[in-house]
Amino acid sequence: FASHEDLAAIDDREVAAAFEGEFGRLWARYGGARPNPVTASMPVRVDAFAERTAFGDTLALVGDDPALGAWDPWAGVRLDGASWPSWRGEVALRPGARVAYKLVVLHPDGRVSWERGANRHALVPTDPQEPTLELRDAFRW
């Protein structure tokens with residue numbers, strides 16, 4: 001598999017799941033030992049700045065992809081605040097995935113603070129030789 005340029009964008013989740021299943025069966029039979037490009041994942045690094053978080057708060061990355069919690073803030077990717085006010089983390093996303101996302105603050109009392117403004121967007125590279133995608137954002141208060 002030499003080309004990473006071909007990309008199929010399927011918006012209907014049922015059709016996408018069926019495609020993935022059928023492609024996976026074909027790949028298992030004919031693809032050999034190479035990784036399946038449909039189910040492979042690429043690491044995405046997250047570096048976010050949120051200086052107004054308080055002790056006990058957690059910053060999370062939430063988005064439309066299931067790996068980002070499918071817009072459920074409590075199921076999103078929790079970032080590490082050990083370098084506060086910078087928060088860092090990593091998530092595995094599918095090559096070629098177009099994701100919409102936002103940062104949220106999870107408060108210890110159960111409240112959630114969503115950042116203001118439009119959703120952010122990212123496109124995950126399809127070529128494993130490309131550098132790791134890094135999302136560098138500041139929380140929009």
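The values are calculated or read from the model by the stated rules, or taken from the named source; none is laboratory data. Small disclaimer: the values here were computed from a predicted structure and weren't measured. Neighbour counts run over all protein chains shown; Cβ positions are idealised from the backbone, glycine included. In case anyone asks, the SASA skips ligands and DNA or RNA and just uses the protein heavy atoms, side chains included. Shrake-Rupley method; radii C 1.70, N 1.55, O 1.52, S 1.80 Å.
The figures follow:
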quantity: Hits in the range 96-110 (condition: part of a strand (DSSP E or B) and either without any contact (Cβ under 8 Å) to a residue 12 or more places away in the chain or open to solvent by less than 20 Å² (accessible area, probe 1.4 Å) (or both)); calculated: Val99, Ala100, Tyr101, Leu103, Val104, Val105, Leu106
quantity: Hey, Ser113 open to solvent by 60 Å² or more (accessible area, probe 1.4 Å) and either over 24 Å from Thr39 (Cα atoms) or among the polar types (S, T, N, Q) (or both) or not; calculated: no
quantity: Subset tally (residues that are modelled with pLDDT of 95 or more and more than 9 Å from Val91 (Cβ to Cβ)) for the range 65-75; calculated: 7
quantity: Check on Ser86, surrounded by fewer than 19 Cβ atoms within 10 Å (Cβ to Cβ), touching a strand residue (DSSP E or B) at 6+ places or on another chain (Cβ under 7 Å), small (Gly, Ala, Ser) and over 16 Å from Arg45 (Cα atoms); calculated: no
quantity: Among the candidates Asp137, Asp109, residue that is more than 29 Å from Asp11 (Cα to Cα), acidic (Asp, Glu) and out of contact with any Lys or Arg (no Cβ under 6 Å at 6 or more places or on another chain); calculated: Asp109
quantity: Qualifying residue in the range 118-131 (condition: under 20 Å from Asp72 (Cβ atoms) and assigned to a loop (DSSP other than H, G, I, E, B)); calculated: yes
quantity: Residue in the range 65-83 that is under 14 Å from Leu135 (Cα atoms) and assigned to a helix (DSSP H, G or I) present; calculated: yes
quantity: Residue within the range 85-95 that is out of contact with any helix residue (DSSP H, G or I) (no Cβ under 6 Å at 6 or more places or on another chain) and touching a residue at least 60 places away in the same chain (Cβ under 8 Å) present; calculated: yes
quantity: Residue that is modelled with the lowest pLDDT [pool: residues in the range 2-49 that are surrounded by 11 or more Cβ atoms within 10 Å (Cβ to Cβ) and among the acidic types (Asp, Glu)]; calculated: Glu20
quantity: Candidate set: the range 40-64, residues that are out of contact with any Lys or Arg (no Cβ under 8 Å at 6 or more places or on another chain) and acidic (Asp, Glu); chosen: the one farthest from Arg140 (Cα to Cα); calculated: Asp64
